[in-house]
1. I'm checking my understanding of the structure. Among residues of segment 231-246 that are of a type in the set (S, T, Y) and either in contact with a Phe, Trp or Tyr (Cβ under 9 Å, 6 or more places away or on another chain) or in a helix (DSSP H, G or I) (or both), which one is surrounded by the most Cβ atoms within 10 Å (Cβ to Cβ)?
2. For segment 438-450: of the residues being surrounded by fewer than 23 Cβ atoms within 10 Å (Cβ to Cβ) and of a type in the set (A, V, I, L, M), which is farthest from the chain's Cα centre (by Cα)?
3. Residue by residue through segment 400-417, note down the ones that are surrounded by 12 or more Cβ atoms within 10 Å (Cβ to Cβ) and in a strand (DSSP E or B).
4. Can you tell me which residue is farthest from Y115 (Cα to Cα) among those in segment 56-81 that are small (G, A, S) and buried (at least 16 other Cβ atoms within 10 Å of the Cβ)?
5. Please work out which one of (1) part of a helix (DSSP H, G or I); (2) modelled with pLDDT under 80; (3) surrounded by fewer than 18 Cβ atoms within 10 Å (Cβ to Cβ) is the condition G653 fails and give its number.
6. Any idea which residue in segment 89-126 is modelled with the lowest pLDDT, counting only those that are in contact with a strand residue (DSSP E or B) (Cβ under 9 Å, 6 or more places away or on another chain) and part of a helix (DSSP H, G or I)?
7. Collect the residues in segment 565-619 that are charged (D, E, K, R) and in contact (Cβ under 8 Å) with a residue 40 or more places away in the chain, keeping them in residue-number order.
8. Run S299 past the list (1) modelled with pLDDT of 75 or more; (2) buried (at least 18 other Cβ atoms within 10 Å of the Cβ); (3) over 44 Å from the mean Cα position of the chain (by Cα) and report the number of the one that doesn't hold.
Amino acid sequence: MSIDDLTAENRSLRQKLKALEEEREAWRKVQFIANVADQLLTMIDRNYTYESVNQAYCRARGQRRDDLVGKSVAEVWGQTQFDEIIKPKLDICFSGQVTSSEDWFKFDGRELRCYQVTYNPYHNHLGEITHAVVVTHDITDRKRAENGMKQANDRLERRVQERTEALEQANAQLRSEIEERKRVEKALRDSENRYRSVSRDMPAMVCRFRPSGQLTFANLRFYQQYRITDETLAGTNIFDFFSSTERRQMEKRLKSLRPDKPMVTYEQRTQTPGGETLWRQWTDRALFDDDGTPMEYQSVSIDITEQKNVERKLQQAQKMEAIGTLAGGIAHDFNNLLMGIQGNISLMYLSIKPHHLLYENLRSVEQLVDSGANLTRQLLGFARGGKYVVKPVNLNTVVSETAALFGRTRKSVRIHEHLAPDIRLVAADRGQIEQVLINLYLNAWQAMSEKGDLYLSTQNVAIDENFVKSFKVSYGDYVRVSVTDTGRGIDPAISHRIFDPFFTTKDFGSGSGLGLASVFGIIKNHDGIVDFESEPDRGTTFSIYLPVSQEPVREPAKPPVGILKGPETILLVDDEPYILDVGAKMLKKMGYTVIKAACGEDAMTQFSQTQQRIDLVILDMIMPDIGGGEVFDQMRKIKPDVKVLLASGYSMGDAAEIMERGCNGFIQKPFNMEKLSHAIRSVIDHGHHQPVS
């Protein structure tokens, strides 16, 4: 071959080399973007071996790329961590599913940090899953990205500089370089496709922009959110996506970034045109030149709406639990006061005939006591003791009967029932559930300005673990009752307060504000869920979920009639003097011999001395020194067959534990002489008694 031919070939090879240099430079830009990203990116093959890692990942581990590529994941992270945390996620990924988790890791013995790790399946040109692209996002602290990846370029430059004077040797060397660059080019294209897959599937929105706001890069999620394309990217300003107030806040945050504090994270609340509230977490990071001047900014945004909603529901549940405790205490004390009044009324009835001038006054006072007792039942329904007598209940029957009752009194409301024919039984206090439904009907009636359509439906549902996460109940089989109105809906500004006791939107004096509060408390105490959906001017749907029961339905007992008497001896225990006094008088009027005890300790003393004479103990549940539950347990140790009737201003829900330990009966204050007499005879004569409220 002549010198001219070699020279021509050399020139041709140089032109090809130049073309490859230009392509390689374009690829270097892509690699530059990948390597300065905050995310830690790795490529793992189906043998659980690292095939590729980015510079951020190397920095996080404190290792070189050559120390990781080619090694197994188990070797890098340790066998235990690989088996328990990483391998299960990789197996899901290799099955074709994208999976993501948040885990705490220590990279190379450094501080414990939290990372969001997303495993993305990578498909080759044949559609086969050959690798897992793992995106690790440091959500504790973002670290500056560093430039890197010069290996192929350095090798190429060294070889070009080391050319010999011999033309044949130079051409041979150039041909060798071209072949190597072809291999590098293919590897870079493959890597580019993998990183494009990562960018496409990344759950966060990512963009870069200049200090002026001009966008220089955006991933697919960002394109979709703000409806931009590759063609419109360069002409788009990120500040145009925000209101003037949000823009000023964003500019202020960006100006506060410095080389020693290059990153800021904040939350942003926005509202869709449809009125839906969305939350996003933004992380802005500045990239500085050598003089400390910002060259470019990077923003990463994650949707945290679901997390915010869960936090809000948990806060609401905690608040309602605290208020419920207070409401229960108030109701207990108020019931004790009503007991004193009711007891004295019962005694006065014995001395006053129906034609007496004061008889009607007594009836009025008794009606007021009943009204007060109803109010405390609503308070107790909201508080922790909402369940009285729990039995298997068919909710279709309860819904139909309460709807019929409500329809007779509110004829302006059109009622539509859609009840599942195969509805399952639930474990519930029927009276309490009737109160829940009536309260929901009344609430709907008021929301519709007393006229409209009311839709009632029942359905068997299976609730999963994700749904119950913020409600603190067990997942499984439930029955759902939905009450839907066509009213004005609930203002989003007050939706978080609708279950608060005494909160009402009605005019002063038009309502107590206890309706929805008691709904919440009763369903909560049945281990159920109350949820709602509402749109302004389009109505509201309240849904209650009650757990399924397998017990058969039993016929209810007939209510007692008349005052029953007896000759037995009764130990009456109560720490309220006025209740102790009126209770003793009532019992004596029924013919019983009464021994009084003013506290738990006094009760134990009296019982130890006179246990053989005592036929029944009427025991207050809440006392300051020794509670009724402990007194009951100690009495059972002294006399295992002792008969005890538990009495309390709280409801059966609070007494359930004592009842399960063998207590013979329960009666809720306030009660009249007739109810008390039947409760006493039931326990003494039969050894057990159905709870009375």
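1. Here the residue is T236.
2. Checking each candidate, the answer is M448.
3. Those that are surrounded by 12 or more Cβ atoms within 10 Å (Cβ to Cβ) and in a strand (DSSP E or B): V413, R414, I415, E417.
4. In this case the residue turns out to be A74.
5. Of everything listed in (1) part of a helix (DSSP H, G or I); (2) modelled with pLDDT under 80; (3) surrounded by fewer than 18 Cβ atoms within 10 Å (Cβ to Cβ), G653 misses just condition (3).
6. Top of the filtered list is F107.
7. Across segment 565-619, the qualifying residues are K565, E568, D574, D575, E576, K585, K589, R613, D615.
8. (3)
The values are calculated or read from the model by the stated rules, or taken from the named source; none is laboratory data. Everything quoted here is computed from the prediction, not taken from an experiment. Neighbour counts run over all protein chains shown; Cβ positions are idealised from the backbone, glycine included.
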